[in-house]
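These notes concern the structure reproduced below.
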Amino acid sequence: MEVLTKARRWTALATLCLAVSLIAIDGTVLHLAVPRLTEALLPTSTQILWIADIYPFVLGGLLITAGNAGDRFGRKRVLLIGVLAFGLASLATAYAPTPEMLIAARALLGVAGATIMPSTLSIIRNVFTDPRERTTAIGLWSSVTTASAAAGPVIGGLLLDRFWWGSVFLINVPVMALVLVAAVFTLPESRNPAAGPLDAFSVLTSVTGVVGVIYAIKEAAHGGLAQPGVGIAALAGAGGLLLFLRRQTRLAHPLIDVRLFRHRSFSAAVGGDVVAVFALIGTLFFLSLYLQLVLGWTPLQAGLAQLPAMVASMLAALLAARFVARWGRAAAISTGLGMCAASLVTLALLPPSDGYPVVLGSLFLMGVGAGLSFTVTADTVLATVPKERAGAASAIAETAYELGAALGIAIIGSVLGGLYRNNLDLPAGLPPEAAAAARDSIGAAVHAAAALPAHLADAVTAAASGAYVDAVNITALACGGLVAVVAVSALYTLRGVAAVIEEPDPEKETAHESAAH
C-alpha cells in the first residue's frame with residue numbers, strides 16, 4: 001500500500017467516520033420510529049422485534065465473510081460496493097408498504113452494512129501504522145460510532161416531527177452518495193497479498209451459527225424455552241459454530257484465524273466489546289419507549305433528551321488514549337464497563353412519572369462508560385494482530401459490536417416485554433380486542449387506549465405505564481449486575497497488557513507457532 005502523508009491519512013479517516021456514522025445511526029434511529037410504524041403498518045409484536053432485530057442479525061452474520069472479502073479483493077473496493085448498496089437499500093426501506101417488506105428491506109441494509117463496518121476499521125489499521133497515532137485515530141472513529149448511535153434518536157426525532165416514518169431511512173441516500181464520491185478520492189486500496197480464496201462452507205456455517213444462536217436467544221426470551229423453534233435454532237446455531245470453528249483449524253486460509261484467540265488481550269477485548277455495546281444499545285432501546293410512551297414526549301423531545309449520552313461518549317472516546325497511557329488497558333476497560341453497570345443499576349430507580357433526572361444520570365454514565373470501553377477494546381483487538389490480518393480482526397471486532405447490539409435489543413427487549421405482560425393488571429370491562437392489544441406491548445396498549453372511552457383509556461394507559469416501568473426496574477438491575485461481573489473480570493483477564501502495543505511481526509508469529517507445534 002502507498003505511504004500516505006499525514007494530511008491524507010486524516011482525510012481518509014474523516015471519510016471512514018462519515019461512512020460508519022450512518023451504520024451506527026441506522027442501528028438506533030428506528031427506536032423512535034416504532035410508535036409511528038405501529039400506527040402506519042400495524043405490525044405484530046413479533047414483527048416489531050424482527051423489524052428492529054433483522055438488521056443487526058444479518059449484519060452480524062455476514063461481518064466475518066465481508067471482512068475477509070476486503071482482505072482478499074481490496075478493502076476500498078468492498079467498501080465502495082457496500083456504500084452504493086446501502087443507499088439503494090435505504091430507498092427500499094423508506095417506502096416499504098408492509099411489515100414483511102420492511103423486514104426484507106432491513107435485511108438488505110444489513111447485507112450492505114456488513115461490507116462497510118469491517119472495511120472502515122481495517123483501512124484505519126493499515127493507514128495508521130504508528131501505535132500512538134492509531135489509538136488516537138481509533139478513538140476518533142469510536143467517538144463517531146458511539147456518538148452516532150446516541151444521535152440516532154435525535155436525528156429520528158427531528159425527522160419524525162416533520163415527516164413520515166420512512167424519512168429516518170431516506171436521509172441515508174444523499175449522505176451515502178457523498179461518502180461514495182469522497183471514498184474514491186481519499187481512500188487508499190489495500191489487501192492481504194497472501195490471502196487465499198473464500199471458503200463457501202465456512203461462509204455458510206458462520207452465518208448459520210451467528211444468526212441461529214441470536215434467534216434462539218430472542219425467541220426464548222420472548223416466548224419461552226418450550227417453543228419448538230427455539231430448540232431447533234439453538235441446535236442449528238451451536239452446530240454451525242462448531243462446524244465453522246473446526247473447519248477454520250483445517251484451512252490454509254481460514255475466515256477467522258482461531259489462533260488469534262490465544263492472545264488473552266484479544267479474547268478479553270472482544271468480550272468487553274460485546275458487553276459494552278449490549279448495555280448501550282439495550283438502554284437506548286427501552287429509554288426511547290419510556291420517554292415517548294410513558295412520559296408522553298414527542299420523538300424530537302425524546303431524541304434531544306438522549307443527547308447527554310452522545311456528548312459523554314464522544315469525550316470519553318477522545319480521552320481514551322490518555323487514560324490508557326496513565327492507567328493501562330485493563331483499568332480503562334474495567335472502568336468503562338463499571339460505569340455501564342452503574343448506568344443500568346441507576347434505572348432500577350426509574351419512577352412512572354417525572355423520571356428524567358434518573359434518565360439523565362443513567363445516560364451520562366452509559367455514554368462515558370461505553371465510549372471509553374469501546375475505544376480501548378477496538379484498539380486492543382487491532383493492535384494485537386499484523387496489519388495483513390486487519391480485515392479478519394476488524395470483522396471479529398465488528399461482529400462483537402453487532403452481536404452486542406443484537407443481544408441488547410433481543411434479550412433486554414424480550415425480557416422487558418415478558419415482565420411487562422406478567423406485571424400488567426388491566427381494568428375490568430375492556431373489549432377483548434383492546435385487552436389483547438394491551439397485553440402485546442406498551443406501544444399497542446397506548447394505541448388501543450386511544451379508541452376507548454376516556455375513563456377506560458386513562459386506566460389502560462396508567463396500567464401499561466406502571467407495568468412497563470416495573471419491568472424496566474427489574475431488567476436494568478439484573479443486567480447491571482451482569483455487566484458489573486464482567487467489569488471486575490476485565491481487571492484479571494487484561495492484566496499485564498501493555499499500554500502501547502507495538503506492531504506484531506507476522507514472520508515471528510509464524511515461527512513461534514511452528515515451534516509450538
(request) Go through segment 142-178 and give me each residue that's assigned to a loop (DSSP other than H, G, I, E, B), open to solvent by 40 Å² or more (accessible area, probe 1.4 Å) and either more than 14 Å from GLY303 (Cβ to Cβ) or not acidic (Asp, Glu) (or both). (result) ARG162, PHE163, TRP164, ILE171
(request) Run ALA226 past the list (1) outside any helix (DSSP H, G or I); (2) in contact with a Gly (Cβ under 8 Å, 6 or more places away or on another chain) and report the number of the one that doesn't hold. (result) (2)
(request) Can you run down the residue pairs with Cβ atoms below 7 Å, 6 or more apart or on separate chains, where the first is in segment 290-304 and under 10 Å from GLY443 (Cα atoms) and the partner is open to solvent by 20 Å² or more (accessible area, probe 1.4 Å)? (result) GLN292/PRO35; LEU293/PRO35; LEU293/GLY443; LEU293/VAL446; VAL294/PRO352
(message) Any residue that is closer than 24 Å to GLN301 by Cβ, open to solvent by 10 Å² or more (accessible area, probe 1.4 Å), small (Gly, Ala, Ser) and assigned to a helix (DSSP H, G or I) - is there at least one of those in segment 418-437?
(response) no
(request) Just one of (1) over 30 Å from HIS253 (Cβ atoms); (2) in contact with a Leu (Cβ under 8 Å, 6 or more places away or on another chain) trips up LEU365, so point out which. (result) (2)
(request) Please determine, by comparing only the residues of segment 97-141 that are of a type in the set (Val, Ile, Thr) and open to solvent by 10 Å² or more (accessible area, probe 1.4 Å), which one is farthest from GLY74 (Cα to Cα). (result) THR98
(message) Looking only at residues that are farther than 20 Å from VAL270 by Cβ and small (Gly, Ala, Ser) in segment 357-375, which one is surrounded by the fewest Cβ atoms within 10 Å (Cβ to Cβ)?
(response) GLY361
(request) Consider THR380 carefully, then state whether it is at pLDDT 85 or above, crowded, with 18+ Cβ neighbours inside 10 Å and not aromatic (Phe, Trp, Tyr). (result) no
(message) Taking the conditions exactly as written (part of a loop (DSSP other than H, G, I, E, B) and open to solvent by less than 50 Å² (accessible area, probe 1.4 Å)), does ILE214 satisfy them or not?
(response) no
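For residues that are farther than 22 Å from THR65 by Cα and not aliphatic (A, V, I, L, M), scanning just segment 264-281, find the one that is surrounded by the fewest Cβ atoms within 10 Å (Cβ to Cβ).
In this case the residue turns out to be ARG264.
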(request) Answer yes if at least one residue in segment 187-208 is in a helix (DSSP H, G or I), open to solvent by 50 Å² or more (accessible area, probe 1.4 Å) and over 19 Å from ALA114 (Cα atoms), and no otherwise. (result) no
(message) I need the full set of residues from segment 446-456 which are part of a helix (DSSP H, G or I) and either within 36 Å of the chain's Cα centre (by Cα) or over 12 Å from ALA435 (Cα atoms) (or both), in order please.
(response) VAL446, HIS447, ALA448, ALA449, ALA454, HIS455
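The values are calculated or read from the model by the stated rules, or taken from the named source; none is laboratory data. Everything quoted here is computed from the prediction, not taken from an experiment. Cβ atoms come from the backbone with ideal geometry, glycine included; neighbour counts cover every protein chain shown. Note: areas computed on protein heavy atoms with side chains; ligands, DNA, RNA excluded. Shrake-Rupley method; radii C 1.70, N 1.55, O 1.52, S 1.80 Å.
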